[in-house]
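Student: Sharing a structure, written as structure tokens. Questions coming.
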Amino acid sequence: MLRDVFDEDAELYDSARPGYPPALVEALIAGARLSPAGRVLEVGPGTGQLTVPLARAGLRITAVELGPSLAAVARRNLRPFPDAAVEVAAFEEWRPPPGPGFELAVSATAFHWIDPAVRVSRTTAALAPDGMFALVTTHHVAGGSAAFFERVQRCYERWDPGTPPGLRLADEATVVSDVTELEDCEELGPVGIRCFPQEITYTTAAYLDVLRTYSNHRALPPSALGGLLDCVAELIEDRHGGSVTQRYLHELITARRVPPAGRAEGRSRPSR
């Protein structure tokens, strides 16, 4: 399965994958309204891109990670935080510990890898009454080195036959995640979405490392991946001075667990 490829090179994933904007982390913690002893469940922490800043804030975290190599790196990153633990398991099979439930359950750029038949119901069931369900999504959007992202499509069209001709990054104003799954869950209240952009500038080598962590790139035949990366590197070095800037849009999607009778009809829309 494609979701297994991230565990193949956990050290690269850890060094290359960017973290999340501090404002998003602050909004997540503030919105969860955690008690002093409140517990947090994280689904799919990877090597701790979100886990570490949450642990740094003093939260008690149980993180469930499918990949043993990713989990090992996450544990290393979390050594300074004794209240953060990483368990190796497929979330579809994991059993939450006994107790009143978690006050916050969060999944950052990982929830789409969980079986859609059970991911919302299992996450909601792990929550305490009035606990918060939070998803963080990541989108590549127009901005940053715009000319590079137009030119680089020729590399993809040459080396990845599945690339649609003329593909362009979307404007962030048009990006809204589908939250139907959460809205259809009778145990969850109104869904809210807040958006947090960030731009990151990469050297040629750093940008190639990021590409090597993407599942669709890792799924390419070695010769095609090598040709693609060489094409991208040549473009950055020859036309863009050895660095490019990628613009990301992160959505913080939240809902609270409530009895079905208390579910509100309205849904808030993105704040940009």
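Derivation of every value follows stated rules applied to the coordinates shown; laboratory data play no part. These numbers were taken from a predicted model, which means no experiment stands behind them. Cβ coordinates were reconstructed from backbone atoms using ideal geometry, including for glycine residues, and neighbour counts include every protein chain displayed.
Student: Working only with C-alpha atoms, what are the Rg and Dmax values of the range 1-130, expressed in angstrom?
Tutor: 13.9, 39
Student: While we're looking at this one, here's another question. Under a Cβ-Cβ cut-off of 15 Å, what is the net charge of the residues other than Asp209 that fall near it, where Lys and Arg count +1 and Asp and Glu count -1? Working shown, then result.
Tutor: Numbers: positive: Arg17, Arg212, Arg218; negative: Glu8, Asp9, Glu11, Asp14, Asp230.
Neighbour charge sum, excluding Asp209 itself: -2.
Student: Further question on the same structure: May I ask for log10 I(q)/I(0) of the range 75-120 at q = 0.21 Å⁻¹, from a Debye sum over the Cα atoms as equal point scatterers with solvent left out?
Tutor: Each listed q corresponds, in turn, to -1.01.
Student: What does the charge dipole of the chain about its Cα centre add up to, to the nearest 20 debye, if the Cβ of each Lys and Arg holds +1 and the Cβ of each Asp and Glu holds -1?
Tutor: Dipole size: approximately 600 debye.
Student: What helices does the chain have that are whole DSSP H segments, at least 20 Å long along their own axis by Cα, and with mean Kyte-Doolittle hydropathy of -0.5 or more?
Tutor: For the chain, where a helix must reach 20 Å along its axis and average at least -0.5, the hits are 222-239.
Student: Next question, about the same structure. What are the ³J(HN,Hα) values, in whole Hz, obtained from phi via the Karplus relation 6.51 cos²θ - 1.76 cosθ + 1.60 with θ = phi - 60°, for each residue of the range 110-121 in sequence order, with x given for Gly and Pro?
Tutor: Values, residue by residue: 9, 5, 5, 7, 7, 3, x, 6, 10, 5, 6, 5 Hz.
Student: Taking Cα centroids, how far is the range 32-63 from the range 141-160 in Å?
Tutor: 35
Student: Right, next: Hey, how much of the P(r) for the range 179-225 falls beyond 17 Å, as a percent of Cα pairs?
Tutor: Taking all Cα-Cα pairs of the range 179-225, the fraction more than 17 Å apart is 62 percent.
Student: If all Cα-Cα distances of the range 114-214 are sorted into 5 Å bins from 0 onward, what percent lands in each bin, rounded to whole numbers?
Tutor: Pair shares across the bins are 2, 9, 15, 17, 15, 13, 12, 10, 6, 2, 0.
Student: If you average over every viewing direction, what projected area does the convex hull of the Cα atoms of the chain give, in nm²?
Tutor: 14.6
Student: Per the Debye formula with a single identical scatterer at each Cα and no solvent contribution, what log10 I(q)/I(0) holds for the range 1-65 at q = 0.12, 0.25, 0.28 Å⁻¹?
Tutor: The calculated log intensity ratios at q = 0.12, 0.25, 0.28 Å⁻¹ are -0.35, -1.14, -1.30.
Student: Okay, moving on. Non-local amide H neighbours of Ile61 (under 5 Å, H modeled in plane, Pro and chain starts lacking H): which ones?
Tutor: When sequence neighbours closer than 5 places are left aside, the close amide H contacts are Val40, Ala84, Ala85.
Student: I would also like to ask the following. Could you tell me the relative contact order of the chain? Use alpha-carbon pairs under 8 Å, at least six residues apart, and round to a whole percent.
Tutor: Once divided by the residue count of the chain, the mean separation gives 22 percent.
Student: Relative contact order for the range 24-93 using alpha-carbon pairs under 8 Å, separation at least 6, rounded to a whole percent? Don't skip to the end; give the middle numbers.
Tutor: On the way: 107 pairs, mean separation 21.9, N = 70.
It rounds to 31 percent for the range 24-93.
Student: Continuing with this model, one more query. Among the Cys residues of the chain, which have no other cysteine Cβ under 4.7 angstrom away?
Tutor: Cys185, Cys195
Student: Something else: So what's the back-of-envelope 222 nm ellipticity for the chain, counting only DSSP H runs of four-plus at -39500 (n - 2.57) apiece and dividing by all residues, rounded to 500?
Tutor: -9000 deg cm²/dmol
Student: Under a point-charge model restricted to the Cβ atoms of Lys and Arg (+1) and Asp and Glu (-1), what is the dipole moment magnitude of the range 27-185 relative to its Cα centre, in debye to the nearest 20?
Tutor: Result for the range 27-185 is approximately 680 debye, rounded to the nearest 20.
Student: Explain nothing, just the number: relative contact order of the range 34-188, from Cα pairs under 8 Å at least 6 residues apart, as a whole percent.
Tutor: Answer for the range 34-188 is 20 percent.
Student: Which residue, chosen from Leu127, Gly19, Ile200, occupies the Cα position most advanced towards the positive end of the dipole of the chain, where the dipole is computed from +1 (Lys, Arg) and -1 (Asp, Glu) charges on Cβ about the Cα centre?
Tutor: Leu127
Student: Got a sec to turn the phi values of the range 93-106 into Karplus ³J(HN,Hα) couplings, 6.51 cos²θ - 1.76 cosθ + 1.60 with θ = phi - 60°, whole Hz, x for Gly and Pro?
Tutor: Karplus values, whole Hz, x for Gly and Pro: 10, 5, 10, x, x, x, x, x, x, 8, 7, 9, 10, 9.
Student: Next question. With just the Cα atoms defining each centre, how far is the range 204-219 from the range 185-203? Give it in Å.
Tutor: Going from one Cα centre to the other spans 23 Å.
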